Amino acid sequence: LRSYLRDESSRLRRLRRFYEKVQALHQDPEASVDNPLLAFSLIKRLHSDWPNVIYSDEATRNTRALHVGLREVEQELPGTEDLDGAARALMRLQDVYALSVKGLANGVFQRAGHPPLYSPSRHVSLSADDCFHVGKVAYDAGDYYHSIAWLEEAVSLFRLSYGSWNLEDRSSLEDALDHLAFSYFMAGNISHALSLSREFLRYADPSNQRVSRNVAKYKKLLEMGTGASGTGRGCHGPPPPLSPPHAFLGPFFPQPAPEPLLYLSCSYETNSSPHLLLQPAKKEMVRIQPYVALYHDFITDAEAETIKGLAGPWLQRSVVASGEKQQKAEYRISKSAWLKDTADPVVRALDRRIAAVTGLDLRPPYAEYLQVVNYGLGGHYEPHFDHATSTKSPLYRMKSGNRIATIMIYLSAVEAGGSTAFIYANFSVPVVKNAALFWWNLRRNGNGDGDTLHAGCPVLAGDKWVANKWIHEHGQEFRRPCSADPQD
């Protein structure tokens with residue numbers, strides 16, 4: 001685009017010089033005819049120079065070069081899935097962090113009555129066309145709760161700029177009014193759908209037969225006092241309350257009272273390991289039940305960068321266990337890669353360090369390869385257990401039992417969001433760069449610990465990288481023996 005603008009600017013400068021030269025020479029038509037030199041110049045310009053300007057293919061060549069340049073990078077550009085996924089990410093952030101759409105459109109990450117969750121160094125606002133696209137993604141999915149909020153903002157911004165047109169815009173006030181009216185109709189607010197449709201006909205296209213038929217239909221429904229679904233709900237009063245989709249972590253999980261924090265502490269741990277004698281692990285007990293510990297400064301910045309660099313070329317869209325299969329998960333907005341301990345000395349050293357702090361056996365097949373995950377725009381991970389909850393789970397293909405423990409290493413910092421939330425236990429752990437979060441997935445009797453249900457909250461701002469190591473129960477019989485109490 002920079003090359004195209006440079007070439008087009010040169011072409012237009014030459015064109016302007018030609019115009020100014022002709023204008024200066026022929027300001028007085030009679031003088032031009034009287035002076036044979038001026039007359040010759042005029043005839044020459046009209047006969048040859050002017051057609052050369054008109055039929056020049058320089059503009060076409062410049063445009064062709066722009067198209068060729070586009071084709072060279074086209075495979076690297078975002079696709080429809082990327083764009084729609086980014087729109088869904090904004091809606092997810094809106095829901096989880098209770099952000100206002102108007103605030104987001106103005107570049108403000110804030111919930112009503114609270115300080116901003118994130119204050120970017122560079123202020124970026126969304127255009128009317130941007131808001132329309134987010135609303136359209138929701139509209140196409142039948143999600144009228146979100147489409148109304150985003151299309152309302154699009155209509156508001158289009159009204160401010162009505163009559164002006166931007167080259168990059170693919171939508172308009174008419175498009176926004178049309179989609180917003182139908183969204184309100186589907187949400188049961190027929191009177192507002194009628195008002196918006198009338199505005200469409202008044203300002204946009206009075207001859208639009210489809211919208212005219214909708215207006216007649218809405219008027220008839222209002223006269224009958226019938227709701228959008230034909231249930232007989234009156235529509236002359238206030239609109240029915242809109243029910244938002246389930247919140248990300250949801251009010252449907254039981255919320256126990258917070259556990260007393262009397263027994264939580266920080267300590268230097270050697271775990272009877274010679275690897276930790278000279279440099280003990282910095283252990284912070286986060287919770288007793290479930291047992292969750294955070295090891296600070298578990299890796300160095302250089303090691304984190306090495307692991308990210310090794311995983312980068314192999315990143316693929318993450319998969320999750322689904323019954324007896326594995327499938328790409330729409331809800332997990334992340335990419336992951338697997339690294340063997342032979343991939344690099346850093347990975348091998350990390351395995352030894354994990355074995356030292358946990359006291360567990362990581363030799364194959366007792367542990368899985370290191371999984372490196374990069375979360376995308378608004379990237380998150382819905383509530384799940386790391387251990388298998390069915391004997392038919394793909395996790396058992398290793399023939400080394402269930403996942404007894406998880407260690408998750410934060411390879412990067414984030415500016416806002418991205419916490420690991422333990423749902424039933426009702427607490428969360430923020431992202432701490434270079435720290436490692438450890439917990440037991442199974443009780444000592446081998447049953448899954450229901451308190452380990454956890455989720456990755458959406459990343460509000462930043463680039464979140466983690467490395468997961470899942471350790472299986474076989475090989476740990478004498479390292480974490482059963483308890484005398486079968487209920488433990």
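The table below gives the values:
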read-out	value
Top-ranked residue in segment 95-122 [being closer than 19 Å to SER419 by Cα and among the hydroxyl-bearing types (Ser, Thr, Tyr); ranked as surrounded by the most Cβ atoms within 10 Å (Cβ to Cβ)]	TYR97
Residue that is surrounded by the most Cβ atoms within 10 Å (Cβ to Cβ), among those in segment 413-435 that are polar (S, T, N, Q) and part of a strand (DSSP E or B)	THR420
All positions within segment 171-184 that are touching a Phe, Trp or Tyr at 6+ places or on another chain (Cβ under 7 Å) and open to solvent by 20 Å² or more (accessible area, probe 1.4 Å)	SER172, GLU174, ASP175, ASP178, HIS179
Within segment 195-221, tally of residues that are open to solvent by 100 Å² or more (accessible area, probe 1.4 Å) and either in contact (Cβ under 8 Å) with a residue 12 or more places away in the chain or closer than 19 Å to SER164 by Cα (or both)	3
Unique match (being farther than 18 Å from GLN94 by Cα, modelled with pLDDT under 90 and either of a type in the set (Asp, Glu) or touching a strand residue (DSSP E or B) at 6+ places or on another chain (Cβ under 6 Å) (or both)) among GLU168, GLU199	GLU168
So GLY135, is it in contact with a Ser or Thr (Cβ under 6 Å, 6 or more places away or on another chain) and either farther than 24 Å from GLU382 by Cβ or in contact (Cβ under 8 Å) with a residue 40 or more places away in the chain (or both)	yes
Subset of segment 20-38 (residues that are at pLDDT 80 or above and either surrounded by 12 or more Cβ atoms within 10 Å (Cβ to Cβ) or under 60 Å from the mean Cα position of the chain (by Cα) (or both))	GLU20, LYS21, VAL22, GLN23, ALA24, ASN35, LEU38
Checklist (1) of a type in the set (D, E, K, R); (2) exposed (fewer than 14 other Cβ atoms within 10 Å of the Cβ); (3) part of a helix (DSSP H, G or I) applied to GLU168, failing item	(3)
Tally, over segment 366-401, of residues that are farther than 20 Å from ASP351 by Cβ and either surrounded by 22 or more Cβ atoms within 10 Å (Cβ to Cβ) or among the small types (Gly, Ala, Ser) (or both)	10
Evaluation of LEU151 against (1) touching a Gly at 6+ places or on another chain (Cβ under 8 Å); (2) open to solvent by 50 Å² or more (accessible area, probe 1.4 Å) (one fails), failing number	(2)
Condition met for ALA138 (of a type in the set (Gly, Ala, Ser), under 30 Å from ASP82 (Cβ atoms) and either open to solvent by 20 Å² or more (accessible area, probe 1.4 Å) or at pLDDT 90 or above (or both))	yes
Selection status of SER9, at pLDDT below 85 and in a helix (DSSP H, G or I)	no
Counted residues, segment 282-299 - those being in a strand (DSSP E or B) and either among the hydrophobic types (A, V, I, L, M, F, W, C) or surrounded by 15 or more Cβ atoms within 10 Å (Cβ to Cβ) (or both)	10
Residue within segment 300-318 that is in a loop (DSSP other than H, G, I, E, B), within 22 Å of GLY418 (Cβ to Cβ) and modelled with pLDDT of 95 or more present	yes
Condition check for LEU160: surrounded by fewer than 17 Cβ atoms within 10 Å (Cβ to Cβ) and either of a type outside the set (D, E, K, R) or closer than 23 Å to ALA216 by Cβ (or both)	yes
Residues of segment 71-94 that turn out to be open to solvent by less than 50 Å² (accessible area, probe 1.4 Å) and not in a loop (DSSP other than H, G, I, E, B), as a count	10
Of residues in segment 374-407 being modelled with pLDDT of 95 or more and β-branched (Val, Ile, Thr), the one nearest to GLU284 (Cα to Cα)	ILE407
Residue among SER48, SER3 that alone is hydroxyl-bearing (Ser, Thr, Tyr) and either without any contact (Cβ under 8 Å) to a residue 12 or more places away in the chain or not assigned by the TED database to the domain that holds GLY69 (or both)	SER48
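Condition check ((1) over 17 Å from the mean Cα position of the chain (by Cα); (2) of a type in the set (A, V, I, L, M); (3) on the phi < 0 side of the Ramachandran plot) across all residues:
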| site | (1), (2), (3) |
| --- | --- |
| ALA59 | yes, yes, yes |
| VAL68 | yes, yes, yes |
| GLN75 | yes, no, yes |
| LEU93 | no, yes, yes |
| VAL96 | no, yes, yes |
| GLN110 | yes, no, yes |
| PRO120 | no, no, yes |
| LYS136 | no, no, yes |
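The values are calculated or read from the model by the stated rules, or taken from the named source; none is laboratory data. Note that the coordinates shown come from a computational prediction; the quantities given were computed from them, not determined experimentally. Positions of Cβ are backbone-derived with ideal geometry, glycine not excepted, and every protein chain shown enters the neighbour counts. Remember, those area values only see protein heavy atoms, side chains included, never the ligands or the DNA or RNA. Shrake-Rupley method; radii C 1.70, N 1.55, O 1.52, S 1.80 Å.
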